[in-house]
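The values are calculated or read from the model by the stated rules, or taken from the named source; none is laboratory data. Just so you know, these numbers come straight off a predicted model, no measurement behind them. No Cβ is skipped: glycine too gets one built from the backbone with ideal geometry, and neighbour counts run over all protein chains shown. Surface accessibility is based on the protein's heavy atoms, side chains included, excluding ligands, DNA and RNA. Shrake-Rupley method; radii C 1.70, N 1.55, O 1.52, S 1.80 Å.
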Amino acid sequence: MFVIMGATGQVGGAAAEALLAQGRKVRVVVRNEEKAKAWRERGAEAALADYRDADALQAAFDGAEAVFYMNPPVFYPSEGFPETKETVGAAAKALAAAGVPKFVALSSVGAHRTQGLGIIESLHILEEELAKLPIPSAFLRAAWFQDNCFWDVEPARGGQVYSFLHPLDRKIPMIATTDIGQIAAETLQQSWDGVRYLELQGPEPYSPNDIAAAFARLLKREVKAVEVPRSEWAAAFVSQGGDPDRLHGRIEMLDGFNKGWIDFERQGTELISGRTTLEETLKKWL
């Protein structure tokens with residue numbers, strides 16, 4: 001039995017689907033009965049649990065061969081990441097109490113850094129705390145999600161994509177969420193000792209200009225990448241619903257990518273490449 005957290009999202013959902021397709025027994029951890037019903041109809045078991053409830057998580061993990069753990073994303077965290085520390089603490093307690101033989105956790109490119117990460121610091125905290133458990137563990141340090149381009153679909157139809165990544169010709173590692181889920185499913189079925197760090201990238205890196213060019217090919221029209229000035233980031237995030245008092249983490253993360261500070265560690269890690277190209281991901285959203 002493989003227990004999957006985050007199954008209602010893209011990565012967790014892809015991991016659960018991959019395992020079910022292979023005939024594996026899957027139990028998803030969800031927060032309400034409606035979502036549980038949808039997964040039961042696909043052939044999975046479902047357990048209801050709040051990510052902050054260690055006892056409920058322990059019950060969900062009981063009897064697992066392995067667990068895929070995802071921390072709920074917090075785009076505008078409180079100072080010191082108390083939200084992350086609470087959920088990671090509950091997960092650590094539940095994994096140990098349930099006697100889970102091994103687990104795989106979703107992390108991020110750059111999570112080995114101790115500073116200058118912005119909101120990715122939450123995943124540094126996750127790695128640091130869960131690696132202390134005396135359980136074989138694997139942390140998937142995923143590159144920038146290709147699926148972030150979902151937000152560019154409508155602007156691209158109008159001829160432009162607006163980029164917070166600068167400069168526009170600088171390529172960075174990107175990966176499709178479907179590939180992350182597939183790699184998670186494969187890793188859950190492997191055997192190992194100790195702690196592993198897997199750095200996940202796509203078949204090639206991409207720049208904002210590459211994103212615009214891919215949209216142009218698919219839409220059969222001119223599409224141009226436009227740099228969003230850093231001075232306008234805060235206003236943009238507030239317009240998207242961001243808390244004006246908690247924007248620092250998101251801004252610092254983007255600064256980290258743009259300066260090249262947030263990148264793979266590449267030493268003592270396993271570098272794995274997914275197969276899905278950027279155009280294949282964009283086709284899905286188009």
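For the structure I just gave you, tell me whether PRO77 is at pLDDT below 95 and more than 15 Å from the chain's Cα centre (by Cα). Break it down into steps so the answer makes sense when it comes.
Working: at pLDDT below 95: yes; more than 15 Å from the chain's Cα centre (by Cα): yes.
The answer is yes for PRO77.
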Looking at this structure, is GLU252 out of contact with any Asp or Glu (no Cβ under 6 Å at 6 or more places or on another chain), of a type in the set (Asp, Glu) and surrounded by fewer than 17 Cβ atoms within 10 Å (Cβ to Cβ)?
no
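Please find, among GLU232, GLU222, the residue that is part of a helix (DSSP H, G or I), over 27 Å from LEU130 (Cβ atoms) and open to solvent by 70 Å² or more (accessible area, probe 1.4 Å). Steps first, answer last, please.
Numbers: GLU222 fails: part of a helix (DSSP H, G or I).
After ruling out the rest, the residue left standing is GLU232.
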Selection from segment 230-253 of residues that are more than 13 Å from PRO77 (Cβ to Cβ) and acidic (Asp, Glu)
GLU232
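With the structure loaded, tell me whether VAL74 is of a type in the set (A, V, I, L, M, F, W, C), open to solvent by 40 Å² or more (accessible area, probe 1.4 Å) and not in a helix (DSSP H, G or I) or whether it fails that test.
yes
Residues checked against (1) among the basic types (Lys, Arg); (2) touching a Leu at 6+ places or on another chain (Cβ under 9 Å); (3) closer than 26 Å to LEU271 by Cα:
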| position | (1), (2), (3) |
| --- | --- |
| LEU140 | no, yes, yes |
| GLU186 | no, no, yes |
| GLN189 | no, yes, yes |
| GLU227 | no, yes, no |
| GLY242 | no, no, no |
| GLY256 | no, yes, yes |
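Can you pull out the strands (runs of 3 or more DSSP E) entirely within segment 95-205 that have at least 1 residues that are β-branched (Val, Ile, Thr) and open to solvent by 40 Å² or more (accessible area, probe 1.4 Å)?
On the way: elements: 103-108, 137-142, 160-163, 195-201.
In segment 95-205, 195-201 are the strands (runs of 3 or more DSSP E) which contain 1 or more residues that are β-branched (Val, Ile, Thr) and open to solvent by 40 Å² or more (accessible area, probe 1.4 Å).
Considering only residues that are part of a loop (DSSP other than H, G, I, E, B) and surrounded by fewer than 13 Cβ atoms within 10 Å (Cβ to Cβ), which ones fall in segment 235-249?
At the first step, the residues of segment 235-249 found to be part of a loop (DSSP other than H, G, I, E, B) are 240-247.
Answer for segment 235-249, where residues must be part of a loop (DSSP other than H, G, I, E, B) and surrounded by fewer than 13 Cβ atoms within 10 Å (Cβ to Cβ): GLN240, GLY241, ASP243, PRO244, ASP245.
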Given the conditions (1) part of a helix (DSSP H, G or I); (2) more than 26 Å from PHE75 (Cβ to Cβ), which single one is not true for ALA212?
(2)
Residue pairs within 9 Å by beta carbon, gap of at least six or interchain, first lying in segment 200-218 and in contact (Cβ under 8 Å) with a residue 60 or more places away in the chain, second of a type in the set (Ser, Thr, Tyr) and assigned to a loop (DSSP other than H, G, I, E, B), listed first then second, are GLY202/THR276; GLY202/THR277; PRO203/THR276; PRO203/THR277; GLU204/THR277; ALA214/THR277
Just a yes or no: is a residue in segment 263-279 outside any helix (DSSP H, G or I), open to solvent by 30 Å² or more (accessible area, probe 1.4 Å) and among the aliphatic types (A, V, I, L, M)?
yes
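Could you tell me which residue of segment 1-54 is surrounded by the most Cβ atoms within 10 Å (Cβ to Cβ), considering only residues that are basic (Lys, Arg) and outside any loop (DSSP other than H, G, I, E, B)? Let's see the steps before the verdict.
Of segment 1-54, the ones basic (Lys, Arg) are 24-25, 27, 31, 35, 37, 40, 42, 52.
Now narrow it down to the ones that are outside any loop (DSSP other than H, G, I, E, B): 27, 35, 37, 40.
Values: ARG27: 21, LYS35: 16, LYS37: 11, ARG40: 13.
Once the filter is applied, the top-ranked residue is ARG27.
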